[in-house]
1. If I go through the stretch 147-194 residue by residue, how many of them are in contact with a helix residue (DSSP H, G or I) (Cβ under 7 Å, 6 or more places away or on another chain) and over 25 Å from V60 (Cα atoms)?
2. Name the single residue that is surrounded by the fewest Cβ atoms within 10 Å (Cβ to Cβ) among those in the stretch 114-134 being more than 16 Å from ligand 2 (Cβ to nearest atom) and among the hydrophobic types (A, V, I, L, M, F, W, C).
3. Against the condition under 26 Å from F49 (Cα atoms), in contact with a Phe, Trp or Tyr (Cβ under 7 Å, 6 or more places away or on another chain) and among the polar types (S, T, N, Q), how does S199 come out, does it pass?
4. Would you pick out the residues in the stretch 179-225 that are closer than 19 Å to I267 by Cβ, modelled with pLDDT of 95 or more and surrounded by fewer than 16 Cβ atoms within 10 Å (Cβ to Cβ)?
5. Of all residues being within 11 Å of the chain's Cα centre (by Cα) and more than 14 Å from ligand 2 (Cβ to nearest atom) in the stretch 135-155, which is nearest to F229 (Cα to Cα)? Just the residue, please.
6. Determine whether A67 is modelled with pLDDT of 95 or more and either part of a loop (DSSP other than H, G, I, E, B) or within 30 Å of S225 (Cα to Cα) (or both).
7. Mind listing just one residue for me: the one in the stretch 172-196 that is away from ligand 2 (no atom under 13 Å from the Cβ) and assigned to a helix (DSSP H, G or I) and, of those, farthest from Y108 (Cα to Cα)?
8. Based on this model, can you work out whether D131 counts as in a loop (DSSP other than H, G, I, E, B) and out of contact with any Leu (no Cβ under 8 Å at 6 or more places or on another chain)?
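The values are calculated or read from the model by the stated rules, or taken from the named source; none is laboratory data. From a predicted model like this one, the values you see are computed outputs, not experimental measurements. Using ideal geometry, Cβ is built from the backbone for each residue, glycine included, and neighbour counts are taken over all protein chains shown.
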Amino acid sequence: MQNIFILVFILVLSSCSKTTKSANQTDRKIEQNYDVEVPVFSSDSAYSFVQKQVDFGPRVPNTKEHAACAEFLAEKLAQFGAEVTVQKADVRAFDGTILKAKNIIGSYNTDNETRILLFAHWDTRPWADYDANPDNHNTPILGANDGGSGVGVLLEAARQFGLKKPEVGIDIIFFDAEDYGAPDNFANQNTADSWCLGSQYWARNKHIPNYRAKYGILLDMVGASNAKFYREQISDYYAKYVVDKVWDKAAKLGFSNYFINQPGKTITDDHLYINQLAGIPSIDIIHQELHSETGFGSFWHTVNDTMDGIDKNTLNAVGTTLLHVVYNEK
Ligand code: AHN
Ligand code: ZN
């Protein structure tokens, strides 16, 4: 009998503490998210979108695999309820090759003047020029991480935007011809701007002439296990408040092991031109290895940039953080 009293007492106590706890959790949620319900990012879905791209093979400009992947990306954005614009651009590579490039754009809430720009490059490098084996230096890379991962995360974000519109306007741009930059051994000078040809073109020829966005976020190499995202220095120079916003949000969500609140290096990437030429304050979420020879992961510009290097936990950390940032914008 006495035992039953004790049991009842314990049950009452534990149910009390549960009530208090869940009330606290609700408060915290409201405080963090300004009362906005943020959709749950599916890393399985993002992963499948990376796989889909890799299944085309290397996506090198002027190849049929590149053309087929362009179709896929535009179709997916349309399927996810975006207004799709494919901007064609003939751009000249460092070696004189004319690349038939396509910037693939998906827009949500097109009437809203408050806009956020989300971008990644979708082309892959024609040469594994950092591969350990020199025999591979002219082999095109699969770019599961370098190219595929950022696009995969943004396609999953697009799927969510289609299911529930954020308050603000969104433009997703998949930039082409980012990774056709001059190899280190290319003798000629003036190769500094040989990267990021698609974003340079768009910054000079926006798909909407007076296009403006509050800020931009670039995702580059966001798929490796235990990836580390440091505060890239161009991002901090042009858009410190955006870096703060994203890194703070990541910390609140428990992703400080990925989003390291310390300075990284300066990376020439698509966001440089979106900052300098388009005047949109933009940041780069990019995996850096501060003590490696290249500054990037060991997969970088090698034939090892395959699905084996893609980790759903990392896709989840980046995608979840991105959705929380975007859905909290008004
Ligand atoms: C340079 O190596 C100059 N920039 C790195 C940008 C990049 C290449 N991101 C992915 N691939
Ligand atoms: Zn690259």
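1. Looking only at that region, the number is 4.
2. A132
3. yes
4. Residue satisfying the conditions is D193 alone.
5. For the stretch 135-155, the residue satisfying everything is V153.
6. Against the criterion (modelled with pLDDT of 95 or more and either part of a loop (DSSP other than H, G, I, E, B) or within 30 Å of S225 (Cα to Cα) (or both)), A67 qualifies.
7. Residue satisfying both the conditions and the ranking: A192.
8. yes
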